Every structure is written in C-alpha cells, then in structure tokens.
Amino acid sequence: AVVSTQSTGEVFDMYDDMMTGEISCDELSKMYGKLRPPGIRLAQVHAGIETVNGNGMGDALEKQDFEEGLMELDRRYFLLQDLVWEFEILSRADGMITENDAKLLFTATHEHNFSLVKYKK
C-alpha cells in the first residue's frame, strides 16, 4: 500500500483544502514530495495526472483517481531512481557517459516509443 497508517481517501481529504473533490497539480506535487522525498518535478506530476485523466487534463486529480494517480507518480519516481542509478554505473570518473551509453539509456527507458530522430535533437 502507498499509505500504511491512513487510507488513501483520508490522505486525499487532507490535501483537498477547499473540499472540491479534486487535488491540483501543485497540491499533489507537494503531497508526493512528502511521501517520497524529494518528490518529482512538477512537469512529471502534471504528465502523471494526464496519464490518469487523459491528454490535456493534467491540472487536477479527482478523488476516485487518487490511488491510480499515486501509482503513476510512483512509476515515474522509481523510473527516475533507476535512471540515476544506471547513469552512475555507466559514468566515468568525470561524471560523464559516452554517447553510446546515453543512447542505451534512452532506448531502455522509452522502449517502443524510442525515436532516433528525437534522440538526435
């Protein structure tokens, strides 16, 4: 479970200050930063909400989608942690990686969505 001592509904209610039945992207970002310090970038929270709600709908997350939203943020958070770990393994003494290693990381991360054209930009 994401939250062990409180239900996800109780946690949602703590951050739904205006009792609107939804949590804004900013509020969710602050809450997630407390759950998994230091959290993830606001743009990733917005993209996570869009993944749950559908494209163009990343401004807020409704209560019925809160648990799914947390799972999506966890997916993004742990992907980032894995990438940092893999980068550190591949990096040389100067903290840099080779272009081939960078391509390997991009390919592994984006899998079927990887595009050599986008990679070269």
*Where does the chain land at 222 nm, in deg cm²/dmol rounded to the nearest 500, when only DSSP H runs of n ≥ 4 count, each adding -39500 (n - 2.57), divided by all residues?*
-19000 deg cm²/dmol
*How many percent of all Cα-Cα pairs in segment 5-73 sit more than 16 Å apart?*
37 percent
*asked:* Using +1 at the C-beta of Lys and Arg and -1 at the C-beta of Asp and Glu, which of L79, I49, T8 has the Cα lying farthest in the positive direction of the dipole of the chain?
replied: L79
*Which FRET efficiency, nearest 0.05, do M96 and M19 yield, Cβ-Cβ r, R0 41 Å?*
0.25
*How much accessible area per residue does the chain have, in Å², with a 1.4 Å probe?*
68 Å²
*Taking the Cα centre of the chain as origin, work out the dipole magnitude from +1 charges on Lys and Arg Cβ and -1 charges on Asp and Glu Cβ, in debye rounded to 20.*
660 debye
*Would you mind pulling out the separation of the Cα centroids of segment 32-77 and segment 91-119, in Å?*
25 Å
*asked:* Charges at C-beta only: +1 for Lys and Arg, -1 for Asp and Glu. How large is the resulting dipole of segment 1-62 about its Cα centre, in Debye rounded to 20?
replied: 420 debye
*Leaving ligands, DNA and RNA out of it, report the carbon-plus-sulfur percent of the accessible area of segment 20-121 at a 1.4 Å probe.*
54 percent
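The values are calculated or read from the model by the stated rules, or taken from the named source; none is laboratory data. Every value quoted in this text rests on a predicted model; they were computed, and no experiment measured them. Methodologically, a virtual Cβ is constructed for each residue, glycine included, from the backbone with ideal geometry; neighbour enumeration extends over all protein chains shown. The accessibility values were calculated without ligands, DNA or RNA, using every heavy atom of the protein model including side chains. Shrake-Rupley method; radii C 1.70, N 1.55, O 1.52, S 1.80 Å.
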